[in-house]
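Heads up: the structure comes next, in structure tokens.
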Amino acid sequence: MSPREFGSGEMSFGLLSDKLLRCRPLGVGAVLLAAVGCSSQHSEPAGGRTAAPRASALLASADLRLPIEEYLFSDAETGRVRQAQQTLIERCARRFGLTYEPVSADPPVGPRSVMDRRYGLTDAKLARADGYHLGDRDPRIQKTEEFEAPTGKMLTVLTGKPGDSGGDRVNGAEVPAGGCAGEAGRKLSEDGILGSSDAAQDLNGKSFSATKEDPRVLAVFRSWSRCMKDKGFSYPDPLTVMNDSRFQGQRSNPLEIRTAVADVACKGRVNLVGIWFAVEVGYQKSLIAENRKDLAPVLQGKRHQLEAADAVNSSG
């Protein structure tokens with residue numbers, strides 16, 4: 001199971017453990033693409049695609065919040081569900097006379113929120129310190145801890161057999177369908193699937209893809225590009241610069257930092273974040289309205305997961 005959203009802000013997490021079932025994109029460009037989804041279909045925003053948006057002057061984007069985030073899981077919410085999941089797996093394993101040690105969560109990695117890096121680098125302080133790198137949250141410098149995958153009886157108890165409906169016995173007790181991981185999922189979610197729904201994540205990706213083709217966003221891209229050219233840097237848009245092959249090393253370099261500082265300054269000069277965010281909010285409101293019937297059970301499912309997780313976590 002792999003994440004549709006990377007790092008902070010949102011993560012689909014493995015039923016057994018992040019180390020066992022999660023993959024990580026490593027490049028800055030890959031981080032961004034994973035963070036915003038990959039769908040390209042979109043709907044017209046309310047008010048049309050050519051009207052100038054009412055855009056407040058905005059600089060850093062990390063603390064902004066899009067409408068669709070109501071339907072997605074934040075890092076903190078993901079942590080609550082994951083803690084409950086691990087507790088339920090541990091309890092289940094005890095029924096078979098086995099000791100399951102919950103896997104500790106990995107250190108925070110990737111963007112700090114759904115909005116951090118969504119519109120490229122927007123934090124002047126981080127630009128001066130790390131360029132386009134992510135500091136101590138950068139996956140390129142994370143140490144990979146050794147993880148011993150379960151085998152034998154423990155593997156059967158934890159995961160069951162692919163496609164099974166339960167019934168295997170270990171140490172005299174019947175293994176539930178999908179093992180203890182499957183049982184934990186069903187106790188926390190009506191459909192047994194933890195984390196954000198595909199529907200919400202797809203809309204999150206659609207709105208982002210749509211904005212990149214919107215004339216209002218393309219216009220501010222051109223203004224940003226002219227500003228960058230005046231500073232000695234040639235890029236067509238603020239997403240391309242993050243994918244510059246010269247900036248993909250383990251650590252940032254002086255050219256990268258100079259480019260990043262100019263990038264953030266130009267974003268502020270042309271109000272790129274304010275305009276892009278205003279346009280995307282319009283798309284998301286339109287998409288949410290169009291898909292309200294499908295999103296109602298998504299919100300209900302999220303609330304159910306969090307309430308079930310909190311009940312488990314409060315039980316000790």
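The values are calculated or read from the model by the stated rules, or taken from the named source; none is laboratory data. If you're wondering where the values come from, they're calculated on a predicted model, not measured in any experiment. Heads up, the Cβs are rebuilt from the backbone with ideal geometry, glycines too, and the neighbour counts pull from every protein chain shown. What goes into the accessible areas is simple: the full protein's heavy atoms, side chains included, and nothing from ligands, DNA or RNA. Shrake-Rupley method; radii C 1.70, N 1.55, O 1.52, S 1.80 Å.
A compact table of results
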{"item": "For Cys180: the one exception among (1) free of Cβ contacts under 8 Å to residues at least 24 places away in the same chain; (2) in a helix (DSSP H, G or I)", "result": "(1)"}
{"item": "Residues located in segment 113-130, provided they are assigned to a helix (DSSP H, G or I) and of a type in the set (D, E, K, R)", "result": "Lys125, Arg128, Asp130"}
{"item": "Near pairs, Cβ below 9 angstrom, 6+ apart or cross-chain, from segment 270-299 (of a type in the set (Ser, Thr, Tyr)) to any residue that is part of a helix (DSSP H, G or I) and modelled with pLDDT of 95 or more", "result": "Tyr283/Lys206; Tyr283/Ser207; Tyr283/Phe208; Tyr283/Ala210; Tyr283/Thr211; Ser286/Ser207"}
{"item": "Whichever residue in segment 206-216 is buried (at least 22 other Cβ atoms within 10 Å of the Cβ) and of a type outside the set (Phe, Trp, Tyr) and, among such residues, is farthest from Glu90 (Cα to Cα)", "result": "Asp214"}
{"item": "Hey, Arg117 over 21 Å from Gly178 (Cβ atoms) and charged (D, E, K, R) or not", "result": "yes"}
{"item": "Count of residues meeting criterion [crowded, with 17+ Cβ neighbours inside 10 Å and either in contact with a Ser or Thr (Cβ under 8 Å, 6 or more places away or on another chain) or closer than 16 Å to Tyr119 by Cβ (or both)] in segment 263-307", "result": "26"}
{"item": "Meets criteria (open to solvent by less than 40 Å² (accessible area, probe 1.4 Å), modelled with pLDDT of 85 or more and out of contact with any His (no Cβ under 7 Å at 6 or more places or on another chain)) for Ala57", "result": "no"}
{"item": "Helices (runs of 4 or more DSSP H) within segment 190-305 that include 3 or more residues farther than 28 Å from Glu69 by Cβ and modelled with pLDDT of 95 or more", "result": "215-230, 254-270"}
{"item": "Residue match in segment 66-75 (condition: part of a helix (DSSP H, G or I) and modelled with pLDDT under 95)", "result": "yes"}
